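The values are calculated or read from the model by the stated rules, or taken from the named source; none is laboratory data. Since the model is a prediction, treat every value here as computed from it, not as a measurement. Note: ideal-geometry Cβ built from the backbone for every residue, glycine included; neighbour counts use all protein chains shown. Ligands, DNA and RNA are excluded from the accessible area calculation, which covers all protein heavy atoms including side chains. Shrake-Rupley method; radii C 1.70, N 1.55, O 1.52, S 1.80 Å.
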Amino acid sequence: GLELSHCVGANSMGPAGPWRSGGPCKMKRVRTVFKPEQLERLEQEFLKQQYMVGTERVDLAATLHLTETQVKVWFQNRRIKWRKQSMEQKAAKLSQFGTIQPATADSTDVGDHEEDTVDVEL
């Protein structure tokens, strides 16, 4: 199962209990800390494919001594990081293109502009 910490909050009126009324007490899952070897293997698999499903995920989890859920969540979080990095790279290219564009705006050759086109997915 998932490990849960007992109580989170600044209330120090006695022992922490998961259902204590009178304070901000919530159950919170303990964050998984991956070993460097596990992260290296997860990254290698991510480079091959961004989605890990079915028996592949089960096998990878068993190999790394992780739960299937831990592998699934790692891939979800890694895809979010990957998309964010992609968007930042596209934004950098667009800003670079924006600084180049005024200098080439006088050009009548359409071919020059086609090479500078950047597709942005939103």
Just a yes or no: is a residue in the stretch 25-36 at pLDDT 90 or above, loosely packed, with under 10 Cβ neighbours inside 10 Å and more than 16 Å from THR67 (Cα to Cα)?
yes
Residues in the stretch 109-118: is at least one open to solvent by 90 Å² or more (accessible area, probe 1.4 Å) and at pLDDT 50 or above?
no
With respect to THR55, determine if the residue is of a type in the set (Val, Ile, Thr), surrounded by 14 or more Cβ atoms within 10 Å (Cβ to Cβ) and without any contact (Cβ under 8 Å) to a residue 12 or more places away in the chain.
no
Within the stretch 58-69, the count of residues that are surrounded by fewer than 17 Cβ atoms within 10 Å (Cβ to Cβ) and part of a helix (DSSP H, G or I) comes to 6
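Can you confirm whether GLY22 is at positive phi, exposed (fewer than 11 other Cβ atoms within 10 Å of the Cβ) and modelled with pLDDT under 90?
Values: at positive phi: yes; exposed (fewer than 11 other Cβ atoms within 10 Å of the Cβ): yes; modelled with pLDDT under 90: yes.
So GLY22 fits the description; yes.
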